[in-house]
Amino acid sequence: MYLSIIYIYIYVCVCQFIFSRPVLSTQVVGATGSTIVSYVLPGLAFYRLCQSRKRYLGLALLCMGLVIMPLALTLIFLKKK
């Protein structure tokens, strides 16, 4: 639990150092973090834990998250230029 909090804190600090603009770093952290929490992790958990044919719905949710995250990051960086 504490290790994941430390990882998140380090991730936010590195993003703020790299981008040096708080708004951009907040957008990047939001685009990656919210997509992982909303799509990738629930899809992965459902795929791993479910034994019925519905487990492929979890795989679809996982794949959707893996498509949404690069799309969101691309739109963030294209908007800034």
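When residues of segment 37-54 are filtered for being assigned to a helix (DSSP H, G or I) and loosely packed, with under 15 Cβ neighbours inside 10 Å, how many remain?
So the count comes out to 6.
Can you list residue pairs whose Cβ atoms sit under 8 Å apart, with the first residue in segment 20-33 being within 15 Å of ILE10 (Cα to Cα) and the second being β-branched (Val, Ile, Thr) and at pLDDT below 85? Count only pairs 6 or more apart in sequence or on different chains.
That search, which allows pairs on different chains as well, returns SER25/VAL12; SER25/ILE18; VAL29/VAL12; GLY33/ILE8.
The values are calculated or read from the model by the stated rules, or taken from the named source; none is laboratory data. Because the structure is a prediction, the values reported are computed rather than measured. A quick note on method: Cβ atoms are made from the backbone with ideal geometry, for glycine too, and the neighbour counts reach across all protein chains shown.
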